[in-house]
Structures are given as C-alpha cells and as structure tokens.
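Single-structure report; data block below.
The values are calculated or read from the model by the stated rules, or taken from the named source; none is laboratory data. If you're wondering where the values come from, they're calculated on a predicted model, not measured in any experiment. Cβ coordinates were reconstructed from backbone atoms using ideal geometry, including for glycine residues, and neighbour counts include every protein chain displayed.
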Amino acid sequence: MQNNLGEKLFDVFNVTLLTVLTIATVYPFLYVAFASVSSPAELASYSGLLLFPLGAQWDAYKLVLSNPLILSGYKNTLIYVVVGTTLNVIVTALLAYGLSRKGVLLRNHIMLFIVFTMFFSGGLIPTYLLMKSMGLLNTIGAIVLPGLISTMNLIIMRTYFQSIPESLEESARLDGAGDWTILFRIIIPLAMPVISVMILYYGVGHWNAWFNASIYLNESEMYPLQLVLRNILINNKTDDMMVTLGVDEKGQDMSEVIKYATIMVATVPVLFAYPFLQKYFAKGVMIGAIKG
C-alpha cells in the first residue's frame, strides 16, 4: 500500500513538474504569437498574462513581409541553409567514415588533432584575415566554409559508423565493392538516423547564424534573416521600416508589434522542420553518443 501511494505521489509530482515546465516553455512563444497579431494601442495599455490576441489584426505582418530586407534575408538564409548543410553533411560523413575504419594510418592521432580544435582556435582576427586573403569577404563562402565541420558532430557520426558491424563491409569487399560503394550503398543508408540528426543540427545552426554574416558581409542584400532580425530588434529600426513603407501609424506601440511579428516570421519555419526529423532524432543521438 505504501509503495502504491509512493508511486502515485511520484506520478503526481512528475505530471505537475512537467506541466509547469511545459507552460514555462510554451507561454513565451504564445505571448509573442498573440502580441504579433494584436492592436498596438490595446497591447500597450494591457497588463497581465496575454492569453489571446487583443483586437486581432495583421498590419504588423504586412509591414514585415513588405520589407525588402526581410524577403532578401529569407532568400539568403534558405541558400545558406541548403548549400551549407549539404556541404556540412557530405564533408563530415566522408571524414567520419575515414576515421572510423581501423585500417586508416594514424587515425587516432588525427582524431586527437581534430578534438584539439574544440578547445583552442585561431581567433577572430586571424580568421578574418584568412577570409580576406582568400577573397571570400561578401561571398557565400565566408558563411559556409568557416564552420564546414563541427567537431562534436564529427565525433557523433564517427561513433555511429563504428557501431555498424564490420561483417557488412567485409562481405561487400568479397563481392568486389570498393570504399565509395561501401560508403554510399551500405554505410550511408544504415546511418540515416544520425545523418538526419546532422541535417537538423547543421540546418538549425545555419538558420540561426548571424555573427559570421555581421563580420564578413558588408552588403545588406546578402544579410541572412537572423542578421536582419537582429538589426530590427537591437538597433530599433522599426521606425525606419514604417517611414520607408509609408505607414502613418508610428510610435513605440507599433514598433513593438512589428518586433513580435518579425520574431514569428523568423522562428516559425524552423519549427516545422523538427516533426519530420523527430523519429530519427533520439535514436541517432543516443547511438552516436553512447557506443564506442
């Protein structure tokens, strides 16, 4: 009886704790969503929890989506995400496969050299000078190449490759398959869970990236969406946006609603990517992190 009572109390505690954490996680997003479609005047005068839109209207979204920098930022971000993630996954998979094979000379020494980069780097100024000397400033290469391989992602993918039975590779070699055939016909199909996780990690990283763009890009037409968002939120460029678009309703109230709408426009698309990769996420991370 005591055990049953203890289990029930534990279940109640778990449910209560998870409910509180869920509310604390979801409510800020709901607040931004409701505020983005609220009337600026009503939102400014309202105090308390925002549980529904106040005087629902879509003027802020019309302003945001009419901003040419937002549209170009979307286009640039999609390019950076697609090109960057594709290169990230391909290069990481090639290196992880090579370092996961037992016959590779000095593979452990190479791995130690790679892990060293997790703790020490050349620094911002040398990296900037390198990008400049290579003529990569104001190019997509400045956004994609500096973070081409993530050491942590490489370790996860390498560990996953090592968990694949060697007998599969040996049987393929007996049938005359070479390294490239084994990699693309056997290893990669079996490693789709961890590759899906890599796509998610790299893709979200590119979507949220803004710092490299602020350092290496000087033309606003090449800015990614997150850098445009940062300029709007931190540099308070909403008034300039309204003036440029010829909006009569100005002031702090409208500026705040525009900021909320901008956050939603930049956040919602990446949220839709998670459900498609969710079924691979836990399996890929756990196998890549535990085994080896």
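Only one of 53, 28 is at pLDDT 85 or above and surrounded by fewer than 17 Cβ atoms within 10 Å (Cβ to Cβ). Can you tell me which?
After ruling out the rest, the residue left standing is 28.
Could you tell me how many of the residues in region 56-76 are of a type in the set (S, T, N, Q), surrounded by 15 or more Cβ atoms within 10 Å (Cβ to Cβ) and under 15 Å from residue 261 (Cα atoms)?
Final tally of qualifying residues: 2.
Go through region 60-74 and report how many residues are in contact (Cβ under 8 Å) with a residue 24 or more places away in the chain, of a type outside the set (Phe, Trp, Tyr) and in a helix (DSSP H, G or I).
Number of matching residues: 9.
Tell me, yes or no, whether region 201-213 has at least one residue that is aromatic (Phe, Trp, Tyr), modelled with pLDDT of 85 or more, loosely packed, with under 15 Cβ neighbours inside 10 Å and part of a helix (DSSP H, G or I).
Checked against the condition, which is being aromatic (Phe, Trp, Tyr), modelled with pLDDT of 85 or more, loosely packed, with under 15 Cβ neighbours inside 10 Å and part of a helix (DSSP H, G or I), region 201-213 yields at least one hit.
For every residue, the table says whether it meets (1) over 30 Å from residue 267 (Cβ atoms); (2) hydroxyl-bearing (Ser, Thr, Tyr).
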{"position": "178", "(1), (2)": "yes, no"}
{"position": "186", "(1), (2)": "yes, no"}
{"position": "196", "(1), (2)": "no, yes"}
{"position": "203", "(1), (2)": "no, no"}
{"position": "233", "(1), (2)": "no, no"}
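Do the conditions hold for residue 161, that is, is it crowded, with 16+ Cβ neighbours inside 10 Å, modelled with pLDDT of 85 or more, more than 22 Å from the chain's Cα centre (by Cα) and in a helix (DSSP H, G or I)?
The answer is yes for residue 161.
Take the residues in region 1-25 that are surrounded by 10 or more Cβ atoms within 10 Å (Cβ to Cβ) and of a type in the set (Ser, Thr, Tyr); name whichever of them is modelled with the lowest pLDDT.
That would be 22.
Do we have residue 112 as free of Cβ contacts under 8 Å to residues at least 60 places away in the same chain and at positive phi here?
No: the conditions fail for residue 112.
Which condition from (1) touching a helix residue (DSSP H, G or I) at 6+ places or on another chain (Cβ under 7 Å); (2) in a loop (DSSP other than H, G, I, E, B); (3) surrounded by fewer than 18 Cβ atoms within 10 Å (Cβ to Cβ); (4) modelled with pLDDT of 80 or more is the one that residue 38 breaks?
Going through (1) touching a helix residue (DSSP H, G or I) at 6+ places or on another chain (Cβ under 7 Å); (2) in a loop (DSSP other than H, G, I, E, B); (3) surrounded by fewer than 18 Cβ atoms within 10 Å (Cβ to Cβ); (4) modelled with pLDDT of 80 or more one by one, residue 38 breaks only (3).
Among the residues of region 184-197, which ones are of a type outside the set (Gly, Ala, Ser) and either within 22 Å of the chain's Cα centre (by Cα) or modelled with pLDDT under 85 (or both)?
Once the filter is applied, which keeps residues that are of a type outside the set (Gly, Ala, Ser) and either within 22 Å of the chain's Cα centre (by Cα) or modelled with pLDDT under 85 (or both), region 184-197 yields 192, 193, 194, 195, 197.
Which of the residues spanning region 130-151 are surrounded by fewer than 12 Cβ atoms within 10 Å (Cβ to Cβ) and part of a helix (DSSP H, G or I)?
133
Looking at (1) in a helix (DSSP H, G or I); (2) surrounded by fewer than 16 Cβ atoms within 10 Å (Cβ to Cβ); (3) in contact with a Gly (Cβ under 7 Å, 6 or more places away or on another chain); (4) of a type outside the set (S, T, N, Q), find the lone condition where residue 104 falls short.
All conditions pass for residue 104, except number (1).
Might you let me know whether region 76-90 holds any residue that is of a type in the set (Gly, Ala, Ser), closer than 18 Å to residue 191 by Cβ, part of a helix (DSSP H, G or I) and touching a residue at least 60 places away in the same chain (Cβ under 8 Å)?
Among the residues of region 76-90, not one is of a type in the set (Gly, Ala, Ser), closer than 18 Å to residue 191 by Cβ, part of a helix (DSSP H, G or I) and touching a residue at least 60 places away in the same chain (Cβ under 8 Å), which makes the answer no.
Which of the residues belonging to region 77-96 are of a type outside the set (Gly, Ala, Ser) and surrounded by 15 or more Cβ atoms within 10 Å (Cβ to Cβ)?
Answer for region 77-96, where residues must be of a type outside the set (Gly, Ala, Ser) and surrounded by 15 or more Cβ atoms within 10 Å (Cβ to Cβ): 77, 78, 79, 80, 81, 83, 85, 87, 88, 89, 92, 95.
Regarding region 153-174, can at least one residue be identified that is under 23 Å from residue 266 (Cβ atoms) and not small (Gly, Ala, Ser)?
No.
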